[in-house]
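Below is one structure, written out as structure tokens; comments come after it.
The values are calculated or read from the model by the stated rules, or taken from the named source; none is laboratory data. Computed from a predicted structure; not experimentally measured. Here the Cβ is made from the backbone with ideal geometry for all residues, glycine too, and neighbour counts use every protein chain on show.
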Amino acid sequence: MAAAMAAACCGLEEETVMGEQKAPGACPRCGGAVVATDVESVRRVLCCLPLCVKNKRKFSCARCRRSLAALSTHA
């Protein structure tokens, strides 16, 4: 009960899939195709007020559904 009350006050993060597209490369585990998923995450306070909105791109394998880490190209 206390954990639920703390989560309601501090905010919960909701993720919504905005779209998927094929990405270059192959999965190192099974060799399957890589899929780039655009995800919008919203952290809300008191279940109604949006506190923070983030757009992320997540990469995963289409065959084994393993989450893949993107390499940063920024030097």
So, Gly19, is that one at pLDDT 85 or above, loosely packed, with under 11 Cβ neighbours inside 10 Å and assigned to a loop (DSSP other than H, G, I, E, B) or not? no
Cβ pairs under 9 Å, 6+ apart or interchain, first in the stretch 27-55 and under 11 Å from Leu12 (Cα atoms), second among the polar types (S, T, N, Q), ordered by first then second residue, are Ser41/Thr16; Ser41/Asn55; Val42/Thr16; Cys52/Ser41
